[in-house]
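K.L.:
Take this structure, written in structure tokens, and hold onto it; I'll ask about it next.
The values are calculated or read from the model by the stated rules, or taken from the named source; none is laboratory data. As the structure is a prediction and not an experimental result, all values here were calculated from the model. Here the Cβ is made from the backbone with ideal geometry for all residues, glycine too, and neighbour counts use every protein chain on show. Areas reflect the complete protein model, heavy atoms only, side chains present, ligands, DNA and RNA absent. Shrake-Rupley method; radii C 1.70, N 1.55, O 1.52, S 1.80 Å.
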Amino acid sequence: MRIAGGIIALVVGLIQLIISATAAFFVDVAGDIVQAAAESNQQQVEAQEAMASAAIWVYVSLAVGLLTFIFGILAIAQKKPSNGMVIIVLGIVGVVMAILGGGGIIGLLWPGLIVLAGVFAFIGAKQPA
């Protein structure tokens, strides 16, 4: 189960990392375009605030994807339950982000996979009593 959890975390983390990196690039480019297109200072300030808010979400998602990928590798390589716990916490961060972002049930599936991977990694690494 530890290997299965690690592989799930590795794959989900890699996909999230790629999607978030692409989104971060587009958020930066869109911020530059919006800044250049704003006609007044008030519009520019509002546009910069909106882009900063989007950038925060994207960069947190990028960090979650990167850490999920790294701890997926660690879950495969090591028999430590702490790796599974970290993956579970990362999944919970994703769940909170999905709830705050209003993603609905579909939005909860992706972080749910991360939580599931963490549970598998944690249970698989537990030493039998």
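K.L.:
Take Gly31 and tell me if it is in a helix (DSSP H, G or I) and either crowded, with 18+ Cβ neighbours inside 10 Å or within 16 Å of the chain's Cα centre (by Cα) (or both).
P.N.:
The answer is no for Gly31.
K.L.:
Another question about this same structure. Name the residue, out of Glu49, Glu39, that is at pLDDT below 75, more than 18 Å from Val115 (Cβ to Cβ) and acidic (Asp, Glu).
P.N.:
Matching residue, one of Glu49, Glu39: Glu39.
K.L.:
Right, something else. Being open to solvent by 50 Å² or more (accessible area, probe 1.4 Å), in contact (Cβ under 8 Å) with a residue 12 or more places away in the chain and in contact with a helix residue (DSSP H, G or I) (Cβ under 7 Å, 6 or more places away or on another chain) narrows it down to one residue among Ile88, Ile70, Ile114, Ile92; which is it?
P.N.:
Only one candidate qualifies: Ile92.
K.L.:
In this structure, does Gly101 turn out to be more than 17 Å from Leu14 (Cβ to Cβ) and either among the charged types (D, E, K, R) or within 16 Å of the chain's Cα centre (by Cα) (or both)?
P.N.:
Considered against the rule, which asks whether it is more than 17 Å from Leu14 (Cβ to Cβ) and either among the charged types (D, E, K, R) or within 16 Å of the chain's Cα centre (by Cα) (or both), Gly101 comes out as yes.
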